[in-house]
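Down below is the structure, laid out as structure tokens.
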Amino acid sequence: MSPDRLRPHRGQPRLRLLHLDAGIGSSALLLLAAQGAIPGFDYAVFPDPGWYPAAVYTHVRRLKRIAADAGIRLIHTPAGHPTAAHHCRAPALPLHSRDADGTLARLPNGCARSRPRAVESEAERLLGNLAADATPEGADAECAVGLGVDHAAHATRSEAERLRFTYPLLDIGWTRRDCRAFLFLRGLADVFDPLCIACPNRSDSSWAELKATDPAAWEQAVAVDAAIRHGYAAAAARGMPSGSTYYLHHDRVPLAEADLDADTGPDPDQGSPWACRDDQADNGTRGGDAT
């Protein structure tokens, strides 16, 4: 979709929101707003699946301080992740699979839309708290999303009728590399797009970093990987045929035994908002359309 078709309509929104997923793009947008380089936000909404490594939450606390200094309130809203509470419900994850006949495939990404949905729900809640006649003209709410021009193909419209997504990084022509450079110059060189603890979109380097820096999270991921090896009771209904085996690691080996020295695997930025997607290199996906 062309970015021009996604630009906001005329008129002032009643609310200006930032989808603060704590990744590279949204962190850059928060700093740009805090410095007055782009229009500010009323709220920064952090959609939390509840299953990030500790380093992500440390970064969110840092962003909360930056937001507070700029008069932007950070709202922590749940973006439920079923696997976090019940390992056996892992079909929400885009697992790597091997069928009984040796065919390699992946499951569809059932969790990719959880963060946008959480932001949309929070926007509706905030709008419901406003007086009906607050600003009769213009948009109800706009929410800025941190997609750079290198991910412009993933720009989309909100599914919430009263909310429009905007893409300020597209307007100023910034890529992820530009955002990284901007964050580096402001002392935030350690920002990465967040991935859940047991996200199958992790590259080898990402798994290796998790293992080295957060042993407890690594052990969680290893336990989840073992738990999902043969699917679960209703697996067939989600495109998990009998006899297939499922893995978190792209080599389709137990995570605890995976070789993490070679940096191969899914694109390491697949956890960014709207770019979190299925890797269809292995003969496509099953159980529905890819996200």
Residue satisfying all of: in segment 170-190; in contact with a Gly (Cβ under 7 Å, 6 or more places away or on another chain) and crowded, with 19+ Cβ neighbours inside 10 Å; farthest from residue 51 (Cα to Cα) among these: 174
Residue that is modelled with the highest pLDDT [pool: residues in segment 1-27 that are charged (D, E, K, R) and farther than 25 Å from residue 194 by Cα]: 14
Failed item, numbered, when residue 253 is tested on (1) among the hydrophobic types (A, V, I, L, M, F, W, C); (2) part of a loop (DSSP other than H, G, I, E, B); (3) at pLDDT below 95; (4) closer than 20 Å to residue 107 by Cβ: (3)
From 105, 153, 144, residue being more than 18 Å from residue 37 (Cα to Cα), under 21 Å from the mean Cα position of the chain (by Cα) and among the aliphatic types (A, V, I, L, M): 153
Check on residue 214, modelled with pLDDT of 95 or more, within 15 Å of residue 54 (Cα to Cα) and not aliphatic (A, V, I, L, M): yes
Options 223, 208; residue that is at pLDDT 90 or above and more than 21 Å from the chain's Cα centre (by Cα): 223
Restricting segment 40-96 to residues that are under 16 Å from the mean Cα position of the chain (by Cα) and either over 23 Å from residue 198 (Cβ atoms) or among the hydroxyl-bearing types (Ser, Thr, Tyr) (or both), the residue that is modelled with the lowest pLDDT: 83
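The values are calculated or read from the model by the stated rules, or taken from the named source; none is laboratory data. Since this is a predicted model, take the numbers as computed values, not measurements. Don't worry about glycine lacking a Cβ; one is built from the backbone with ideal geometry, like all the others, and counts go over all protein chains shown.
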